[in-house]
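Reading through the structure tokens given below for one structure.
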Amino acid sequence: MTGENISSIASALIVGGGIGGMAAAISLARAGVKVDLIDLDPDWRVYGAGITITGPTLRAYSQLGLLDRIKQEGAVTDHSRIRLFNGQILRVLDEPVIEEGLPATGGIMRPVLHRIMQDAVRALDIPVRLGLTVTALSETGDAVDATFSDGSSGRYDLVIGADSVFSGVRDLCFPHMGPAQPTGQGCWRISIRKPPEQDNMGEFYFGAEAPCGITICGEDAVYLFLLTPHVEREEHLSDDELFDHLQAHLAPFGGNAGWIRDNMTRADWINYRPLAAVLQPRPWSNGRVVLLGDAVHATTPHLASGAGMAVESAIVLAQELARNASVNAALQAYEDRRFDRCRDVIESSVAIGQLQLDHGRPDQIAGLIEGALARLNEPF
Ligand SMILES: Cc1cc2nc3c(=O)[nH]c(=O)nc-3n(C[C@H](O)[C@H](O)[C@H](O)COP(=O)(O)OP(=O)(O)OC[C@H]3O[C@@H](n4cnc5c(N)ncnc54)[C@H](O)[C@@H]3O)c2cc1C
């Protein structure tokens, strides 16, 4: 937990109740700030995928005080298995443990992680308004007037845009920023029961046209991901077609990936999403409006670190608001601490994806991944 009280602001509006927005709400409310949280989704849901939570992400969740529940309701491990695409085992990796008592890596279903974070938000009595966004933000004096989509309004010392890669706050207040850029790859995911031969180790499959992996997300839950060159038509498939295409893409695989291909059902959650990334140019704040998470540092899943970066950004923002008497100085310090680290994640992730598209050598790709993960293990 951040532990320091914030005196630079008394109130904050957080737009977007995803991973970054909830992490910010929890960090600020614990530091004594009166927080309002809004989300566009009237049901405050998240889609049914699993998510990989690396060591640095677990460290950030530990600072939020949520590690124990993630360990209980997700899955953690200190090892990963590397296989050839046909299932042959090549290596078992000892994943580095970055802090004593912290697992090296893990996974959890997104709806479970969402519920854990929502429980923390509710436990802090943070008012949450759903089916709502901001339609105007204007700064006068030392505060921002927010107009909401239901016609109501509010005045806040700080507004945080954590409203996804398609951020509406970004569109309202940051004309120097733009949309995320497609990287040329797409990501297939299926959430499914655990294959009978699958132990608690995540797996990576190399040597096929499409890289593939499995993350354990709980007692009887895993998700498989597969990265393919993006094909426009695959973005618009029906559920039945998604099933058929994923099964066809998995044709070369053995091991547990092969079991998933042979045992997947049309009831399993399947998704295909073209990948895009962007590190938004500085500044990341305009007066008393600031961005965090995918709104300002959206990455691809190659280092499984987008969510971790969002949680880290929320923690750093709260720390700097506690350390600095001036809001401007705090927002500048937040951006200074986050920019290069987020740039590294995004540039490395995009470079790994490009090497995969260019049929780069597996040792080159592994070298890029290991180097970037080692840098991410450094304190943030
Ligand atoms: C295919 C894929 C796989 C990934 N896998 C991983 C992984 O394994 N590990 C990992 O760490 N990261 C992964 N990521 C990245 C991770 O999902 C994101 O980085 C993370 O969800 C960002 O959190 P966020 O809170 O910034 O945005 P989001 O999670 O997108 O949340 C934004 C919230 O804002 C709300 N919202 C949107 N627009 C508005 C608006 N105008 N007004 C109000 N509310 C709004 C939404 O309803 C949502 O609740 C993956 C990403 C992709 C694309």
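Since every read-out is calculated from the coordinates, none of them should be taken as a lab result. Quick caveat, the model's predicted, so the values are computed rather than measured. Glycine also receives a Cβ, built like all others from the backbone with ideal geometry; neighbour counts cover every protein chain displayed.
Where does the Debye-calculated log10 I(q)/I(0) of the stretch 80-149 sit at q = 0.15 Å⁻¹, using only Cα point scatterers of equal weight, no solvent?
-0.83
Under the Karplus relation 6.51 cos²θ - 1.76 cosθ + 1.60, θ = phi - 60°, what is the ordered set of whole-Hz ³J(HN,Hα) values for the stretch 178-185, x standing for Gly and Pro?
x, x, 5, 9, x, 9, x, 10
Which of ASP125, ASP363, ASP171 ends up with the largest GNM mean-square fluctuation for the chain, with Cα atoms connected below 10 Å?
Evaluated over the chain, the most mobile residue of the options is ASP363.
On a 0 to 90° scale, report how tilted helix 306-323 is relative to the longest principal axis of the chain, with both axes built from alpha carbons and the result rounded to the nearest 10.
Between helix and principal axis, roughly 30 degrees.
Quick check for me: using +1 on Lys/Arg Cβ and -1 on Asp/Glu Cβ, what's the dipole size of the chain about its Cα centre, in debye to the nearest 20? Show your work: numbers first, answer last.
On the way: 31 positive and 48 negative charges, 63 e Å.
With only Lys, Arg, Asp and Glu charged at Cβ, the dipole is about 300 debye.
Compute the distance in nm between two label points, each set 7 Å from the Cα along the Cα-to-Cβ direction, one at ILE89 and one at GLU347.
With each label placed 7 Å out from Cα toward Cβ, I get 3.8 nm.
Dipole size in debye (nearest 20) for the stretch 108-153 around its Cα centre, Lys and Arg Cβ +1, Asp and Glu Cβ -1?
Here the size comes out at about 400 debye.
Name the most mobile residue of ALA23, ALA307, ALA248, meaning the one with the largest mean-square fluctuation, in a Gaussian network model of the chain with Cα contacts below 10 Å.
Sorting by GNM fluctuation, first place goes to ALA248.
Quick check: pseudo-label points 7 Å beyond the Cα along Cα→Cβ at ALA374 and ASP336, how many nm apart are they?
With each label point 7 Å from Cα toward Cβ, the separation is 2.9 nm.
From the phi angles alone, apply the Karplus equation (6.51, -1.76, 1.60; θ = phi - 60°) to the stretch 206-219 and give each ³J(HN,Hα) in whole Hz, x where the residue is Gly or Pro.
Residue by residue, the stretch 206-219 yields 10, x, 8, 4, 10, x, 9, x, 10, 10, 7, 10, x, 3 Hz.
Using amide H atoms built 1.01 Å from N in the peptide plane, name the residues 5+ places from GLY50, or on other chains, whose amide H lies under 5 Å from its own.
ARG110
Quick one: work out Rg over Rh on the C-alpha atoms of the chain, Rh as Kirkwood radius.
0.97
Which value in nm describes the separation of the simple spin-label points at ALA325 and ASP358, placed 7 Å from the Cα toward the beta carbon?
Label at ALA325, label at ASP358, 5.2 nm between them.
What residues qualify as long-range amide H neighbours of GLY186, i.e. H under 5 Å apart, gap of 5 or more or another chain, H built at 1.01 Å from N?
It is THR228, HIS230, LEU275, by chain and number.
How large is the charge dipole for the stretch 271-380, taken about the Cα centre, if only the Cβ atoms of Lys, Arg (+1) and Asp, Glu (-1) carry charge, to the nearest 20 debye?
In debye, rounded to 20, the stretch 271-380 gives about 280.
Which residue fluctuates the most in the chain, going by a Gaussian network model with Cα springs under 10 Å, if the choices are VAL92, VAL33, VAL350?
Looking only at VAL92, VAL33, VAL350, the largest GNM fluctuation is found for VAL92.
If I fit a long axis through the Cα atoms of helix 19-30 and take the longest principal axis of the Cα atoms of the chain, what angle between them do I get, 0 to 90°, rounded to 10?
Helix 19-30 and the main axis of the chain meet at about 40 degrees.
Roughly how tilted is helix 110-123, in degrees to the nearest 10 and between 0 and 90, from the longest Cα axis of the chain?
With both axes taken from Cα atoms, the answer is about 30 degrees.
If Lys and Arg each add +1 and Asp and Glu each add -1, what is the summed charge of the other residues whose beta carbon sits under 11 Å from the beta carbon of ILE89? Provide the component values of the computation, followed by the final result.
Details: positive: ARG81, ARG83, ARG91; negative: GLU203.
Net of charged neighbours comes to +2.
Quick one: which residues, 5+ away or cross-chain, put their amide H under 5 Å from the amide H of ARG81? H built at 1.01 Å from N.
It is LEU93, GLY202, GLU203, PHE204, by chain and number.
Which net charge results when you count Lys and Arg as +1 and Asp and Glu as -1 among the other residues whose beta-carbon is under 11 Å from that of ASP157? Walk me through the numbers before you get to the answer.
Numbers: positive: LYS34, ARG155, ARG288; negative: GLU139, ASP142.
Around ASP157, the surrounding residues sum to +1.
Got a sec to turn the phi values of the stretch 73-87 into Karplus ³J(HN,Hα) couplings, 6.51 cos²θ - 1.76 cosθ + 1.60 with θ = phi - 60°, whole Hz, x for Gly and Pro?
9, x, 8, 10, 7, 10, 9, 9, 10, 9, 10, 6, 4, 7, x
Evaluated at 20 °C with a viscosity of 1.002 mPa s, what Stokes-Einstein diffusion coefficient in µm²/s does the stretch 231-380 have when Rh comes from the Kirkwood expression over alpha-carbon pairs? Please report the intermediate quantities before stating the final value.
Values: Rh = 18.0 Å.
Translational D for this selection: 119 µm²/s.
Taking the Cβ of ILE116 as the centre, find all other residues whose Cβ is under 15 Å away and add up their charges (Lys, Arg: +1; Asp, Glu: -1).
Here the count lands on +3.
Out of all Cα-Cα pairs in the stretch 186-255, roughly what percent, to the nearest whole number, are more than 19 Å apart?
On the way: 844 of 2415 pairs.
Counting pairs separated by more than 19 Å, the tail of P(r) holds 35 percent.
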